[in-house]
1. Ranked by accessible surface with a 1.4 Å probe, highest first, in what order do Thr309, Thr33 come?
2. Need one number: nm distance between label points at Asn89 and Met101, each 7 Å from Cα along Cα→Cβ, rounded to one decimal.
3. Would you grab the residues whose amide H sits under 5 Å from the one on Val16? Only those 5+ places off in sequence or on another chain, please, with H modelled 1.01 Å from N.
4. What is the calculated FRET efficiency for Asp326 to Leu269, with r their C-beta to C-beta distance and R₀ = 56 Å, to the nearest 0.05?
5. According to a simple spin-label model (label point 7 Å from Cα along Cα-to-Cβ), what is the distance in nm between Thr309 and Lys76?
6. Starting from the eigenvalues of the Cα gyration tensor, five times each then square-rooted, give me the equivalent ellipsoid semi-axes of region 74-131, largest first, whole Å.
7. Leaving ligands, DNA and RNA out of it, rank Met127, Met249 by accessible area with a 1.4 Å probe, largest first.
8. Multiply the residue separation of Gln295 and Leu247 by 0.36 nm, subtract the distance between their alpha-carbon atoms, and state the gained length in nm to one decimal.
Amino acid sequence: MLDSWKGGGCVANAPVLYIIVPCYNEEKVLPVTSGLFLDKLSELTAAGRIGSGSRVLFVNDGSTDDTWKIICGLAKQDPRCCGISQSRNRGHQSTVLAGLMEAKDVCDITISIDCDGQDDINAMDEMVEEYRNGCDIVYGVRNSRESDTAFKRNTAQSFYKLMNRMGAEVVYNHADYRLLSSKVLKELANYKEVNLFLRGMIPLIGFKSTCVYYERHERLAGESHYPFRKMLGLAVDGITSLSISPLRMIFILGVVISSVSVIGLLVLLIMAIAGNAASAVVCATMILCFVGGLQLLCMGILGEYVGKTFMEVKHRPRYIISERTDGSSRS
C-alpha cells in the first residue's frame with residue numbers, strides 16, 4: 001500500500017483514513033468543525049494521499065444536548081460522515097477507544113482528534129506523510145503552551161513530568177491527537193483493561209513511531225470539558241494503571257519512618273530522664289499525629305490500586321454502542 005503512492009493526483013490503493021472525533025455536548029462547535037474535517041478529507045483525497053473510502057467517524061459520549069441529532073444530520077447530508085453513540089457518558093478515553101475499535105477493520109489508518117478545533121487540523125498532512133514513510137504511530141505534539149493560562153500551563157507540565165517519574169511512558173505535550181495504523185489498532189484490541197489511559201498504552205505497543213509538532217489554538221466555540229479536576233483524575237488513572245512506583249515508595253517510606261521513629265523514641269526517653277516530661281509528651285503527640293496521617297495516605301494509595309484491581313476483575317465492557325447512524329444498534 002505504501003508503494004502505490006507517487007504524490008499528487010489520485011492513486012489506486014491509497015490508504016483509507018478514518019478521522020475519529022469524540023463528542024460530548026458539542027452542539028455549538030460541531031457544526032463548525034465538521035466542515036473542517038470534511039474539507040481536510042477532500043484535500044487529502046484530491047492529493048492522492050488517502051483513499052476515497054475515507055470517513056469522519058463521530059463518537060457521541062452520551063451527550064445531553066443535540067450533539068447526536070447533529071451527527072445524524074451530518075450523516076444524511078454527506079456519506080463520508082458516520083457516527084456511533086455510547087449508551088451513556090463513559091468519559092473521553094472510552095469514547096476514543098470505541099471509535100478506534102469501530103474503525104479498525106474497515107480502514108488502514110485512523111487519526112483521533114478532539115471536536116473543539118483546538119488541534120491544528122493541517123498537521124494531518126504531515127501525519128499521513130510520516131505513515132507513508134513507514135511509521136505506524138504518529139503523535140501530535142504541541143510545540144508550545146503560550147496560549148494557556150499560567151495555571152493550566154504549569155499544571156500540564158507537572159502532569160507530564162509526574163507521569164514519567166512514576167514510570168508511565170508518555171510523550172511530553174501529547175494528548176490524544178495521533179495517527180495509528182491498522183496494525184497498531186489490532187494490537188490495541190488485545191489490551192483489555194477497563195481503566196483506560198491511551199497516552200500511556202499506545203507507547204507500550206511499540207512499532208515505529210514519530211512526532212509531528214503543531215500550534216494549538218483556542219476553542220472555536222463552546223466550553224472546555226476537561227477542567228483541572230478531570231486532568232488530575234486522568235493522572236491518577238495513568239499512574240495506577242501503568243506503574244507500581246507508588247507502592248514501592250510506600251515501602252521505602254515505611255523503612256525511613258521506622259528508622260526515624262526509633263531515633264525519636266530514644267530522644268523522648270532521654271528527655272523524660274532529664275526531667276522534660278511535658279515536652280516529651282508534646283513531641284510524642286506530634287509524632288503520633290504525623291504517623292497516623294501518613295498511614296491514612298498510604299492506605300489511600302493502596303486502596304486506589306485495590307479499587308482498580310476490583311474493577312478490572314469484573315471484566316465489564318469498556319463501552320456500549322447504543323446507536324449508529326446507519327440505524328443498527330449492535331455493540
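The values are calculated or read from the model by the stated rules, or taken from the named source; none is laboratory data. Values in this document were obtained by computation on a predicted structure and should not be read as measured data. Neighbour counts are summed over all protein chains in view; Cβ atoms, including those assigned to glycine, are modelled from backbone coordinates with ideal geometry. In case anyone asks, the SASA skips ligands and DNA or RNA and just uses the protein heavy atoms, side chains included. Shrake-Rupley method; radii C 1.70, N 1.55, O 1.52, S 1.80 Å.
1. Result, largest first: Thr309, Thr33.
2. About 2.2 nm separates the two model spin labels.
3. Counting only residues 5 or more places away or on other chains, the set is Gly51, Asp108, Ile109.
4. With R0 = 56 Å, the Cβ-Cβ based efficiency is 0.10.
5. Reported label-point gap for Lys76 and Thr309 is 5.2 nm.
6. Taking √(5λ) for each eigenvalue gives 21, 15, 14 Å, largest first.
7. Ranked from most to least accessible, the order is Met249, Met127.
8. Extra length from Gln295 to Leu247 when fully extended: 16.0 nm.
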